[in-house]
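Bear in mind these aren't lab numbers, they're just calculated from the coordinates by the rules spelled out. Fair warning: this is a prediction, and the values are worked out from it, not measured in the lab. Using ideal geometry, Cβ is built from the backbone for each residue, glycine included, and neighbour counts are taken over all protein chains shown.
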Amino acid sequence: MEAATADRRTVAPPQAKVTDRAKAERKLAYLLCAPAVITMIAVTGYPIGYAIYLSLQKYDLRFPSQKEFVGLSNYIDVLTSSTWWSDVFHTLIITVFSVGLELVLGMAIALVMHRAIFGRGVVRASVLIPYGIVTVVAAFTWRYAVDPASGFLQGTFLLSDTAAPLTQQTGSYVMIILTEVWKTTPFMALLLLAGLSLVPDELHEAAKVDGANAAQRFFRITLPLMRPAILVALLFRTLDAFRIFDTVFIQTSGANNTESVSILGYNVLINRVNIGLGSAVSVLVFIFVILIAFFFVKVLGTSTAQQRGEEV
Amino acid sequence: MTGDARQKVMWSIGILVVLLYALFPVAWITSLSLKTPDQLGDRKFFSGIHFDNYRQIFKTSDFTHALVNSIGIAAIATFIAIVLAAMAAYALSRLDFTGKALILSGALAVAMFPAISIVGSLFQLWRNIGIYDTWIGLIIPYLTFALPLAIYTLSAFFREIPWELEQAAQVDGATPFQAFQKVIVPLAAPGVFTAAILVFIFAWNDFIFANTLTSSNSARTVPAALAFFTGGSQFQQPVGAVAAAAVVVTIPIIIMVLIFQRRIVSGLTAGAVKG
């Protein structure tokens with residue numbers, strides 16, 4: 001950032017024609033942006049800095065007097081514990097399966113909405129309902145649907161009379177992923193629909209004339225042209241899924257080996273009030289999120305920033 | 001069957017599947033909330049309409065407080081976020097200055113920020129400065145994390161406004177304030193309104209901050225209260241009460257979403273794709 005400011009300073013003199021009007025405009029722009037920017041920095045930047053500081057301390061609220069600087073030992077404790085790595089694994093399973101399913105389902109719904117001859121409004125309205133529903137409510141809804149004490153699915157072709165999916169590992173994963181997929185597919189579908197509408201119809205017509213069938217047109221024309229939209233949607237949903245908290249908390253609280261990294265952080269910070277160790281978990285989750293974002297932007301070339309730069 | 005008719009049938013089936021997908025769970029939780037305690041275990045999807053659960057939750061202060069907290073906190077956070085975001089979005093879409101890309105990338109970074117990474121810090125900080133378990137303690141994180149969404153949505157809308165009309169009105173003799181109020185405000189209102197709905201839904205939905213930064217009825221919102229609901233007795237599952245409360249917080253959002261669906265869709269996609 002410093003380099004950028006220096007650049008601006010050296011570039012400024014040759015363009016000495018920076019008029020008062022332009023200067024006033026710039027000043028107004030900074031004034032208008034300042035409150036939002038300061039708020040965002042103050043409420044994310046400062047706490048993450050504080051979390052890093054806390055993560056270097058031995059600090060347990062049950063024994064506050066024993067607070068002391070311990071360097072990286074909390075990180076070593078976390079990174080050498082099997083709990084952390086198995087929780088990373090659980091989180092990745094949930095992320096990969098839910099985002100993968102959402103992509104396929106979301107694409108199907110987007111195609112239905114895009115190509116619909118009629119009923120487009122009805123479909124759009126109905127897919128927005130899961131989007132609007134509170135995640136905790138969605139999690140309870142599915143939990144109660146399969147709970148032996150209240151569910152209606154026991155004894156049907158889906159579940160045996162005594163089944164209790166949320167007491168087993170596979171069942172728990174199925175329910176958590178199902179809830180996530182149900183709740184967030186609409187968002188995916190809407191993003192993909194916006195991408196679909198950017199694919200020119202003429203290309204499809206031309207390919208049709210050339211004898212390409214529907215599948216060929218989808219895989220050879222639609223998908224490649226939608227790549228940017230798909231990658232942006234995947235980036236958003238992957239990061240979202242990796243942070244999963246609400247659904248796991250309500251449905252299993254992390255039991256049956258479904259604990260996600262966010263649940264782990266919560267348990268250490270809030271239940272065990274081990275602020276030092278919990279902060280190390282928090283910071284590690286933060287680093288993972290940065291790595292995932294970096295992977296999408298650099299490796300897969302999700303050019304959100306570029307697109308935005310052009311359009312602003 | 002002609003190709004046309006077959007296509008119509010195919011689409012109808014597709015639409016029906018999507019409708020079932022979206023509505024079935026909502027129908028289920030509603031039906032569950034309308035059961036009596038004796039019917040809860042009857043394993044039926046629908047067992048009649050009884051309002052016992054609703055009567056029960058509105059009798060307890062746990063739920064009524066949470067409802068007031070949810071509405072108040074989400075509304076205030078929405079209002080502040082929209083004011084701050086509108087100022088920034090105006091600058092980003094209309095004014096010429098360096099650092100636009102930096103601000104937009106920064107906002108994007110905030111949108112991807114994992115909440116769990118700062119709940120510990122906020123828990124500590126809020127207790128130190130005395131806003132743990134208060135409305136303001138939740139309003140601050142909500143408005144912050146809603147800002148990226150609001151800035152992107154509003155910038156996208158503001159870019160579409162024909163700002164020349166403002167000058168035209170001034171040429172016609174309107175004062176700058178009149179020009180702004182009579183011309184720009186009506187043009188900007190739909191976008192602002194859309195952003196406000198999206199931010200409200202975001203704040204309404206939060207669980208992790210509400211769960212970690214509150215400890216009592218004084219600021220606990222509905223999603224957090226639901227997680228801590230207890231049955232009439234220690235051994236009774238609060239299924240009916242949770243279902244009824246879930247329906248109460250879901251209905252207003254569904255109505256809002258259905259009325260403003262067109263705007264919400266354009267807001268969501270403008271904020272995410274073009275953003």
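General remarks:
- Taking the number of Cβ atoms within 10 Å of each Cβ as an exposure proxy, the fewest-first ranking of A:LEU234, A:LEU92 is A:LEU92, A:LEU234.
- The B:VAL68 and A:ILE38 beta-carbon pair, evaluated with R₀ = 41 Å, returns a calculated FRET efficiency of approximately 0.85.
- Estimated inter-spin distance, B:ARG262 and A:ASP77, nm [label 7 Å along Cα→Cβ]: 5.8
- With neighbours defined as other Cβ atoms within 10 Å of a residue's Cβ, the residues A:ARG21, B:ARG220 order from fewest to most as A:ARG21, B:ARG220.
- The range A:253-296 versus the range A:45-74: alpha-carbon centroid distance in Å: 15
- If R0 is 60 Å, the Cβ-Cβ spacing of A:ALA212 and B:ALA75 corresponds to a FRET efficiency of close to 0.70.
- Partners for A:LYS298 among lysines (Cα-Cα distance below 22 Å; same-chain residues under 8 apart left out): B:LYS100, B:LYS274
- Which of A:VAL285, A:ALA241, B:LEU154, positive extreme of dipole for the protein assembly as shown (C-beta unit charges): B:LEU154
- GNM flexibility winner over chain A from A:ALA139, A:ALA110, A:ALA36 (Cα, springs under 10 Å): A:ALA36
- Cross-link table A:LYS183/B:LYS59; B:LYS35/B:LYS59; A:LYS183/B:LYS35, entries beyond 21 Å C-alpha to C-alpha: A:LYS183/B:LYS59; A:LYS183/B:LYS35
- GNM top mover of B:THR98, B:THR153, B:THR212 - chain B, alpha-carbon springs below 10 Å: B:THR98
- Using a Förster distance of 25 Å, the FRET efficiency for A:ALA255-A:ALA149 (Cβ separation, nearest 0.05): 0.90
- Sequence-distant lysines (8 or more away, or on other chains) whose Cα lies within less than 26 Å of B:LYS8: A:LYS208
- Distance in nm between pseudo-label sites at A:THR170 and B:ILE49 (7 Å out along the Cβ direction from Cα): 4.2
- For the range A:88-257, the relative contact order works out to 37 percent when only alpha carbon pairs closer than 8 Å and six or more residues apart are counted.
- Across B:SER31, B:SER215, B:SER61, mean-square fluctuation computed from a Gaussian network of chain B (C-alpha pairs under 10 Å connected) peaks at B:SER61.
- Sparsely packed chymotrypsin sites (Phe, Trp or Tyr not before Pro) within the range A:114-179, loop by DSSP, other Cβ within 10 Å at most 14: A:PHE118, A:PHE157
- Dipole check for the range A:34-129: with +1 at the C-beta of Lys and Arg, -1 at the C-beta of Asp and Glu, and the Cα centre as origin, the magnitude is about 440 Debye.
- Set of lysines with alpha-carbon distance to A:LYS58 below 25 Å, sequence-local pairs under 8 removed: A:LYS67
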